[in-house]
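Some notes on the structure that comes next.
The values are calculated or read from the model by the stated rules, or taken from the named source; none is laboratory data. None of the values given here were measured: they were computed from a predicted structure. Reconstructed Cβ throughout: ideal geometry from the backbone, glycine too, with neighbour counts over all protein chains shown. Each accessible area value is taken on the protein alone, full model and side chains, heavy atoms only, with ligands, DNA and RNA left out. Shrake-Rupley method; radii C 1.70, N 1.55, O 1.52, S 1.80 Å.
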Amino acid sequence: MNKKWSLVEVEDKAVNKLKRELKLNTVLCKLLVQRDIFNKEDAEAFFNPRLDQLHDPFLMRDMDKAVARLSKAVKDSEKILLYGDYDVDGTSSVAMLHTFLHPLNKNIDFYIPNRYKEGYGLSTEGVDYAAEKGCTLMLVVDCGIKGNEAVTAANSKGIDVIICDHHLPEGELPDAVAVLDPKREDCEYPFKELCGCGVAFKLIQGYAQENDIALHDITSLLDYVAVATACDIVPMIDENRILTRFGLEKLNDAPRTSLEALIETSRRKRPFGVSEVVFGLGPMINAPGRLAEGRQAVELLIETNKDKALEIAAELREHNLERKQLERDMAEQAERMVRMETEIPKCLVLARQEWNRGVLGIVASRMVERFNRPALLLAEAPDGRYVGSARSLGGYDIHEAIKTSSDLLENYGGHRYAAGVTITSDKLEMFKERMNEVVKETITPEQLSPNLTANALLRLKDITPEFWETLCKFAPFGPQNMRPVFMSKTLRETGFAKVVGENHLSISVRQGRSETKYGIAFGQAKHIDKIRTKPFAACYVLEENNFGGKKTVRMNVRDIQPAK
């Protein structure tokens, strides 16, 4: 299916004002305006984020209660249980809190629920474990906002609970000592899009402020926050961008032993940006929670012995290779199921009894990419119910769509781009029909069409070292601050185009009298004959390529079309 190209339009007046103030290339000024940056001061803050731009943690509802209770537990050497979800965000949060608290209080333990036995969220099994170990405080991270039953059970056992979550609350909040969640309706915290690890870091920041610990002394924890923020795919703006920028600096310049072991095992080259973290480190950290025990990820992330860290990292890599094979097999099965339909539904709801629940979300993402539809994949749990993971596309709110079927569901949660559900088998068909109807009525044709939006027209002669240096300051990239996509027209191949790998296209192009620029077009070998004979247009991102020790800027081509 051919992609429809579009170009972001911005107000010339705003662009020209920035150009006068900043003395920057017009294209760069357009990119700034698209990020709601209209003056020199905001541009300076964007290009040079500072830790003192972080918000006061005590603006978050219940932060005073959380800090007071945690301070008491540390002072009295209470037994504290750190409880986190089994994904990168949850395990990184637990590892960060353990790294911070253990030197202050040796009575620290942690617990990661088993995805298959306990499911998502704060479990009563986790509460039982805390009681068995004599814990008097549970710090729950990246989940818990719907853990009313488990919190009540903890209270009955004399265990206080502090929740650090970032998911949308539904109904009455748990009866915890403190519920830290910027998405609470009664929370006036100015930034709502922190990941779970970000919320946990705000707790550490609040604790530090109250206990005379300098902000500088806790910034060594930001590599954890950067990994979690990147992998949880939250908006890369405001505090997320600041925390990730400084966390990536730590990851590249002085990584802790555990993350150094992961980097080595991933076999990826530094420097590590958001993409390298998401595709290089994230899958390995996630793998134990998907296939075995998420606890193993935390064991690695807090390990300080290099040899031991490398040993665990190697095990995580093996888990990840196993996960990849499972993913490939399930994706093939899911695609066959869709192809068997007489008409591809507007929402793909696919269920198989034997599917591995640990990779449902990944395969749902693959189905979104393949069919340009929201997708929800489900598998049977030991109790006979079906659990599923949903993924969305093009700004469509899948959580809101699922909410309309709440009467059919045992449980559900998540956010606009990703969600999870639990349902009994007898209601599966009804749910499938309902979701298809709801999505059909609410999704727009634009969201269902494969679109490619370019941020600006760019002439090849403008890709200078100075342009590239400034463009790098737009990082770290992520949702709402994506890597800019450029469009260049009337390109001509210089005669060196060739197919590389199985289906990739290596190109060298010129535009008028510009210098030759080099690029790679993954999965687009089909264009080779066309670009050899006729001018063409390309949409692409710019990236650094390090080959043979030589660093160059290359075009990573997203799509090619004939020149008009």
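What part of the accessible area of the chain, given as a whole %, is carbon or sulfur when the probe is 1.4 angstrom?
Carbon-and-sulfur percentage of accessible area, whole number: 48.
For residue 428 and residue 564 in the same chain, what is the full-extension length gain: residue separation times 0.36 nm, less their Cα-Cα distance, in nm? Kindly include the intermediate steps, with their values, before the conclusion.
On the way: separation 136, 0.36 × 136 = 48.96 nm, distance 4.85 nm.
Here the segment from residue 428 to residue 564 would lengthen by 44.1 nm.
For the stretch 448-534, which chymotrypsin sites (Phe, Trp or Tyr not before Pro) are in a loop by DSSP, counting at most 15 other Cβ atoms within 10 Å? Please list the in-between numbers first.
Working: sites: 467, 468, 474, 477, 486, 496, 518, 522; in loops: 474, 477, 496, 522.
Sparse-neighbourhood loop chymotrypsin sites (Phe, Trp or Tyr not before Pro): 496, 522.
What spacing in nm lies between the two simple spin-label points modelled at residue 344 and residue 449, each 7 Å away from Cα in the Cβ direction?
1.6
Quick one: helix 196-210 against the long Cα principal axis of the chain, what's the angle to the nearest 10°, folded into 0 to 90?
60
Would you calculate the separation in nanometres between label points at residue 397 and residue 461, each defined as 7 Å from the Cα along the Cα-to-beta-carbon direction?
4.8
What is the calculated FRET efficiency for residue 13 to residue 175, with r their C-beta to C-beta distance and R₀ = 51 Å, to the nearest 0.05?
With R0 = 51 Å, the Cβ-Cβ based efficiency is 0.40.
Loop only per DSSP, at most 13 neighbouring Cβ atoms within 10 Å: give me the trypsin sites (Lys or Arg not before Pro) in the stretch 207-269, ordered by residue number.
267, 269
Based solely on its DSSP helices, what 222 nm [θ] is calculated for the chain when runs of n ≥ 4 H residues each add -39,500 (n - 2.57) and the sum is averaged over all residues, nearest 500 deg cm²/dmol? Don't skip to the answer; put the middle values down first.
On the way: 20 runs with 226 residues, N = 564.
Calculated at 222 nm, the ellipticity per residue is -12000 deg cm²/dmol.
Mark the label point 7 Å from the Cα of residue 406 along Cα→Cβ and return the residues of the stretch 422-457 whose backbone N is within less than 15 Å of it.
Once the point is set 7 Å along Cα→Cβ of residue 406, 422 turn out to lie under 15 Å by backbone N, inside the stretch 422-457.
Please work out the average accessible area per residue across the chain, using the 1.4 Å probe convention, and give it in Å².
That works out to 46 Å² for each residue.
Please give the length that would be gained between residue 556 and residue 522 if that part of the chain were fully extended, namely 0.36 nm times their separation in residues minus their C-alpha to C-alpha distance (nm, one decimal).
11.4 nm
Which value in nm describes the separation of the simple spin-label points at residue 4 and residue 264, placed 7 Å from the Cα toward the beta carbon?
Between residue 4 and residue 264, the simple spin-label model gives 5.2 nm.
Mind checking the angle between helix 12-22 and the chain's longest principal axis? C-alpha axes, 0 to 90 degrees, to the nearest 10.
Around 80 degrees separate the two axes.
For residue 156, put the label point 7 Å out on the Cα→Cβ axis and report which residues of the stretch 85-128 keep their amide N under 16 Å from it.
123-128
Normalised by the number of residues in the chain, what is the relative contact order in percent for Cα pairs under 8 Å and 6+ residues apart?
Relative contact order of the chain: 12 percent.
Which residues make up the longest stretch of the chain clear of GluC sites (Glu not before Pro) that lie in a DSSP loop with no more than 14 other Cβ atoms within 10 Å, not counting the sites?
My reading of the result: 12-169 is the longest stretch.
Could you work out how far the C-alpha centroid of the stretch 420-445 sits from that of the stretch 150-226, in angstrom?
33
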